[in-house]
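Asks: After the structure tokens below, expect a handful of questions from me.
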Amino acid sequence: MKGIRKDVFGVFHDPDSGVEVKVDRYTLTSASGVEVQVISYGACVSAIVVPDKSGKKDHVTLGFDDMKGYLENAYQGSSIGRCANRIGKGKLVVEGQQYTLTINNNGNHLHGGTRGWDKHVWESHVSEESVVFSRLSSDGEEGYPGAVLAQVKYSLDAAGGLGIDFEAMTTRATPINMTNHCFFNLAGHAAGQGGLLEHLVRVNADRFTPVGQDLIPTGELASVRGTAYDLRSPTTFGEALPRAPGNGFDHNFCLQFKHRGELELAACFLHTPTGRGLEVYTTEPGVQIYTGNFLPKEANKMVGRNGTSYTYQGAFCCEPQNFPDAVNQRNFPSAICCPGKPYKHSMMYKFFVQK
């Protein structure tokens, strides 16, 4: 690590307090040439710059030049909470009591609700060689029980591995499932669908969680063998996407981990023409592979950094997580966090160059 620089990215007008809040930006740089920027709005990864096999650097995540872009386009690089992914009909039962969460996605609750943790400015500070974001989520926020103190810590190692550590403590039993929502295109952020289709992908999962038309899991843990979801051997998105039912991938894969809580390889991506690669590690049991199916099909509907038009399947997400709707599925790993037992999830985006 070459140190951490801090500046001001912009200003956010908080709709609850009516106060304008400064949004801080931190820049982390590794000896390998990887540069990462994170901002306090949404504890968000706003930029990742990685060299290719010839040394040429480019942004490998979608992102925006100012706050307006993040306010108009949710989840871009954000920390997701209190509960990532979908909860069916926004209903859940905790310790015998039923709760109704805010509905914000086709009759369901998605990524923490109408104003999830991605839509707040977090407190921030530098601790040794890490950037730490924290916020207090009040009891009843978005319908969830319990007040939660959450923390996200970003660390960049010398080799260019971006470590992300999530922690949370609660005053009452509540579901917690935190992740990062970066949109990647290792060909370069402006490479679009053509660049995405060139990526090799491998996912260390022998099962997946099938979903209904509303994208809520059916509760089944199905084998990937003989299906479009068998990504255990490297294949390109160009080969895999035509086999995927519907518009593409937006599914949770059940990782072949022996022990939950240990950092293990979940998935690997390689853009062969540039040589840029990404390994994703996590301590959680699942990973959501999403191929940007809900990005706009029309040009200039989503304008990113340097005036770039981001469009349909122009990037992918690899979101380590507990299984979606786990609070309503008895055979899924528990998502309930209790007082005195902090929630912890560690993940890493490890970049490499294949020459």
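Asks: Considering only residues that are modelled with pLDDT under 95 and not aliphatic (A, V, I, L, M), look in segment 128-166 and name the one that is surrounded by the fewest Cβ atoms within 10 Å (Cβ to Cβ).
Replies: E128
Asks: Applying the selection to segment 221-245, what residues are out of contact with any strand residue (DSSP E or B) (no Cβ under 9 Å at 6 or more places or on another chain), without any contact (Cβ under 8 Å) to a residue 12 or more places away in the chain and assigned to a loop (DSSP other than H, G, I, E, B)?
Replies: Once the filter is applied, which keeps residues that are out of contact with any strand residue (DSSP E or B) (no Cβ under 9 Å at 6 or more places or on another chain), without any contact (Cβ under 8 Å) to a residue 12 or more places away in the chain and assigned to a loop (DSSP other than H, G, I, E, B), segment 221-245 yields only G226.
Asks: Identify, by number, the condition in (1) closer than 30 Å to D66 by Cβ; (2) crowded, with 16+ Cβ neighbours inside 10 Å; (3) within 16 Å of the chain's Cα centre (by Cα) that T283 doesn't meet.
Replies: Just one mismatch for T283, condition (1).
Asks: Could we say that V60 is without any contact (Cβ under 8 Å) to a residue 40 or more places away in the chain and in contact with a His (Cβ under 9 Å, 6 or more places away or on another chain) here?
Replies: On the way: without any contact (Cβ under 8 Å) to a residue 40 or more places away in the chain: no; in contact with a His (Cβ under 9 Å, 6 or more places away or on another chain): yes.
No; evaluated as a whole, the condition is false for this residue.
Asks: So, E262, is that one within 15 Å of the chain's Cα centre (by Cα) and among the acidic types (D, E) or not? Working first, answer last.
Replies: Details: within 15 Å of the chain's Cα centre (by Cα): no; among the acidic types (D, E): yes.
So E262 does not fit the description; no.
Asks: Would you mind stating whether R202 is at pLDDT 95 or above, surrounded by fewer than 24 Cβ atoms within 10 Å (Cβ to Cβ), in a strand (DSSP E or B) and under 19 Å from the mean Cα position of the chain (by Cα)?
Replies: Numbers: at pLDDT 95 or above: yes; surrounded by fewer than 24 Cβ atoms within 10 Å (Cβ to Cβ): yes; in a strand (DSSP E or B): yes; under 19 Å from the mean Cα position of the chain (by Cα): yes.
So R202 passes the test.
Asks: Looking at segment 1-50, which of its residues are more than 17 Å from the chain's Cα centre (by Cα) and under 15 Å from T61 (Cβ atoms)? Outline the logic, then answer.
Replies: Residues of segment 1-50 more than 17 Å from the chain's Cα centre (by Cα): 1-35, 49-50.
Hits for segment 1-50 are R25, T27, L28, V34, E35, V49, V50.
Asks: If you don't mind, there's one more thing I want to ask. Across segment 65-74, what is the number of residues that are under 19 Å from F294 (Cβ atoms) and surrounded by fewer than 24 Cβ atoms within 10 Å (Cβ to Cβ)? Write out each step before concluding.
Replies: We begin by selecting, within segment 65-74, every residue under 19 Å from F294 (Cβ atoms); these are 69-74.
Then keep just the ones that are surrounded by fewer than 24 Cβ atoms within 10 Å (Cβ to Cβ); that gives 69, 71-74.
Looking only at that region, the number is 5.
Asks: Hey, among T272, T283, which residue is closer than 29 Å to G90 by Cβ and either modelled with pLDDT under 95 or of a type outside the set (A, V, I, L, M, F, W, C) (or both)? Give the derivation first.
Replies: Numbers: T272 fails: closer than 29 Å to G90 by Cβ.
Only one candidate passes the filter, namely T283.
Asks: Do you know which residues across segment 289-320 are among the polar types (S, T, N, Q) and either in contact with a Leu (Cβ under 7 Å, 6 or more places away or on another chain) or buried (at least 22 other Cβ atoms within 10 Å of the Cβ) (or both)? Step through it out loud before you land on a result.
Replies: Step one: filter segment 289-320 for residues among the polar types (S, T, N, Q), giving 291, 293, 300, 306, 308-309, 311, 313.
Across segment 289-320, the qualifying residues are T291, T311, Q313.
Asks: Another question about this same structure. Among the strands (runs of 3 or more DSSP E) contained in segment 272-355, which hold 1 or more residues that are out of contact with any Gly (no Cβ under 9 Å at 6 or more places or on another chain), of a type in the set (S, T, Y) and within 18 Å of H259 (Cα to Cα)? Spell out how you get there, then give the answer.
Replies: Values: elements: 276-282, 286-290, 317-321, 343-353.
Qualifying strands (runs of 3 or more DSSP E): 276-282, 343-353.
Asks: Look through T100, T114 and report the one residue that is over 29 Å from G188 (Cβ atoms), β-branched (V, I, T) and touching a Ser or Thr at 6+ places or on another chain (Cβ under 7 Å). Write out each step before concluding.
Replies: Values: T100 fails: touching a Ser or Thr at 6+ places or on another chain (Cβ under 7 Å).
Exactly one of T100, T114 is over 29 Å from G188 (Cβ atoms), β-branched (V, I, T) and touching a Ser or Thr at 6+ places or on another chain (Cβ under 7 Å), namely T114.
Asks: Output the number of the condition that A190 fails; it satisfies all remaining conditions of (1) surrounded by 20 or more Cβ atoms within 10 Å (Cβ to Cβ); (2) at negative phi.
Replies: The single condition A190 does not satisfy is (1).
Asks: Take G55 and decide whether it is surrounded by 15 or more Cβ atoms within 10 Å (Cβ to Cβ), modelled with pLDDT of 95 or more and not aliphatic (A, V, I, L, M). Even if it seems obvious, please write down each step before you answer.
Replies: On the way: surrounded by 15 or more Cβ atoms within 10 Å (Cβ to Cβ): no; modelled with pLDDT of 95 or more: yes; not aliphatic (A, V, I, L, M): yes.
No, not satisfied.
The values are calculated or read from the model by the stated rules, or taken from the named source; none is laboratory data. Quantities reported herein were computed from a predicted structural model and do not represent experimental measurements. Glycine also receives a Cβ, built like all others from the backbone with ideal geometry; neighbour counts cover every protein chain displayed.
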